[in-house]
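Okay, structure first, notes after.
The values are calculated or read from the model by the stated rules, or taken from the named source; none is laboratory data. From a predicted model like this one, the values you see are computed outputs, not experimental measurements. Virtual Cβ from ideal backbone geometry, glycine too; neighbours counted across all protein chains shown. In case anyone asks, the SASA skips ligands and DNA or RNA and just uses the protein heavy atoms, side chains included. Shrake-Rupley method; radii C 1.70, N 1.55, O 1.52, S 1.80 Å.
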Amino acid sequence: MKVLLTGGAGDLGQVLAPELVLLGHTPVVLDVARPGKELGEFVEGSILDRGLLEKTIASVDHIVHIAAWHGIHEFKQEKDAFDFWDLNVTGSINVLECAARNAKSKLVFISSTSVDDWPGIYAHSKILCEDLMRTYSARHRMDIISLRPRAFIPHWNRATYNTIGEWACWYWKGSVHINDVAQAVVKSIDALVSNTVQGHLVLTLDGACEFQSEDLEHWDRNGEGTTFKKLFGEDKYELAVQHGLNPAVKPKVIGYSDAQRAIGYSPTYGFGQMLDELAAKPHS
Ligand SMILES: NC(=O)c1ccc[n+]([C@@H]2O[C@H](COP(=O)([O-])OP(=O)(O)OC[C@H]3O[C@@H](n4cnc5c(N)ncnc54)[C@H](O)[C@@H]3O)[C@@H](O)[C@H]2O)c1
């Protein structure tokens, strides 16, 4: 199966492409930037070029729409409301309309839990995109899964994190690993192809969490750091603190039960793996 990845040269596309190849699919990356690793096919260009987009969509079996400016670009004030409108909103209607015109009825859209940050610019753009997904699904009988992952910028993205420690501090606040997001995309494709999911479905993606709800409800009731140490021990506590992570602040867990029920999503990467990675390469 040929799977179009719009914006596939970015972080998510680059983790997803090898997974698709392993499953016998051909990723078709459509991006303004050349991917670091070229797997499958690469089409250099923009989702704002409707002619190119339509030609590319006509040649694939399935679409994963990833390309967007994301929250970090608003946070750093690198992109403004016009930029978000042009790429996120116009880009999404281009993808949907080209898909509808070419009878491509299955699509995975990467939304974000940031929709809850409305009226932020990025949040608003994703809300508008989800509305487009819902409308196109109803109007053209398309089956669309909108995935809402939490933050998943990986620790090797040096434009965002200077060190793995910086990333760990962010991850601790509540996040999902990029590999688990890729897993959810693969499971979404399976669910759409097998017609297990029909219409438009919105699914939240959280990371794995080793803490029991009892721990989260009564965080550190036996003193500062006790909940963390109970699970991960004294050494990992020292390691975390050395890297600026504050174990007294409990991570925000939002869960993923809808995604588990609908597509069998089951994240494998939790705080334990994050601490193991930090211990293995503390200076990277
Ligand atoms: N990274 C996160 O923490 C996070 C969290 C939730 C949701 N998301 C969403 O996930 C998606 C991708 O995330 P990512 O981390 O891989 O982003 P990324 O910035 O690494 O990749 C985006 C890609 O889009 C490409 N692109 C930009 N303009 C384009 C255009 N006109 N046509 C085609 N491609 C274009 C870029 O070159 C880049 O390769 C986005 O939709 C984002 O909103 C990200």
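As an exercise, use a Förster radius of 45 Å and the Cβ-Cβ distance of Val32 and Asp131 to find the FRET efficiency, rounded to the nearest 0.05.
0.95
With +1 on the Cβ of every Lys and Arg and -1 on the Cβ of every Asp and Glu, and nothing else charged, how large is the dipole of the stretch 93-216 about its Cα centre, in debye rounded to the nearest 20?
Result for the stretch 93-216 is approximately 680 debye, rounded to the nearest 20.
Bin all alpha-carbon pair distances of the chain at 5 Å intervals from 0 and give each bin's fraction as a whole percent.
Histogramming the chain at 5 Å steps yields 1, 6, 12, 16, 18, 16, 13, 8, 6, 3, 2, 0, 0 percent.
Classify the stretch 241-284: rounded, prolate or oblate, from the alpha-carbon gyration tensor (a ≥ b ≥ c, eigenvalue square roots; a/c under 1.5 rounded; otherwise prolate if a/b is larger than b/c)?
Verdict is oblate for the stretch 241-284.
Taking the Cα centre of the stretch 26-83 as origin and charging only Cβ (+1 Lys, Arg; -1 Asp, Glu), how large is the dipole, in debye to the nearest 20?
Dipole about the Cα centre, nearest 20: 60 debye.
When the accessible area of the chain is split by element with a 1.4 Å probe, what percent falls to carbon and sulfur?
For the chain, the apolar C and S fraction of the accessible surface comes to 51 percent.
Run the numbers on the chain and let me know its relative contact order in percent, using alpha-carbon pairs under 8 Å that are six or more apart.
Contact order relative to length: 15 percent.
Could you pull out the longest piece of the chain with no exposed loop GluC sites (Glu not before Pro) in it, calling a site exposed if DSSP puts it outside H, G, I, E, B and it has at most 13 other Cβ atoms within 10 Å?
So the longest stretch without any such site is 79-209.
Given an 8 Å cut-off on Cα distances and at least 6 residues of separation, report the relative contact order of the stretch 187-254 as a percent.
In percent, rounded to a whole number, it is 26.
Of Trp156, Leu132, Val89, whose Cα points farthest to the positive end of the dipole of the stretch 78-171 (charges on the beta-carbon: +1 Lys, Arg; -1 Asp, Glu; origin at the Cα centre)?
The one lying farthest along the dipole's positive direction is Leu132.
Are there any trypsin sites (Lys or Arg not before Pro) in the stretch 104-203 that are in a DSSP loop and have at most 10 other Cβ atoms within 10 Å? List them by number.
Hits after loop and neighbour filter: Arg158.
How far is helix 91-101 tilted, in degrees, relative to the longest principal axis of the Cα atoms in the chain, given as a value from 0 to 90 rounded to the nearest 10?
Approximately 40 degrees, to the nearest ten.
Within 10 Å, Cβ to Cβ, of Ser112, how many net charges do the neighbouring residues add up to if Lys/Arg are +1 and Asp/Glu are -1?
The answer is 0.
Given a Förster distance of 35 Å, report the FRET efficiency between Ser59 and Asp276 from their Cβ-Cβ distance, rounded to the nearest 0.05.
0.25
For the chain, what is the charge dipole size about the Cα centre, in debye to the nearest 20, if Lys and Arg each add +1 at the Cβ and Asp and Glu each add -1 at the Cβ?
Its charge dipole is roughly 600 debye.
Run the quick spin-label model on Val241 and Asp83: label points 7 Å from Cα toward the beta carbon, then report their separation in nm to one decimal.
Going by the 7 Å Cα→Cβ label model, 4.0 nm.
Report, in listed order, any pair from Lys173/Lys229; Lys230/Lys250; Lys229/Lys252; Lys187/Lys250 with a Cα-Cα distance greater than 21 Å.
Lys187/Lys250
Only helical DSSP H runs with n ≥ 4 go in: add -39500 (n - 2.57) per run for the chain, normalise by residue count and round the 222 nm mean residue ellipticity to 500 deg cm²/dmol.
-13000 deg cm²/dmol
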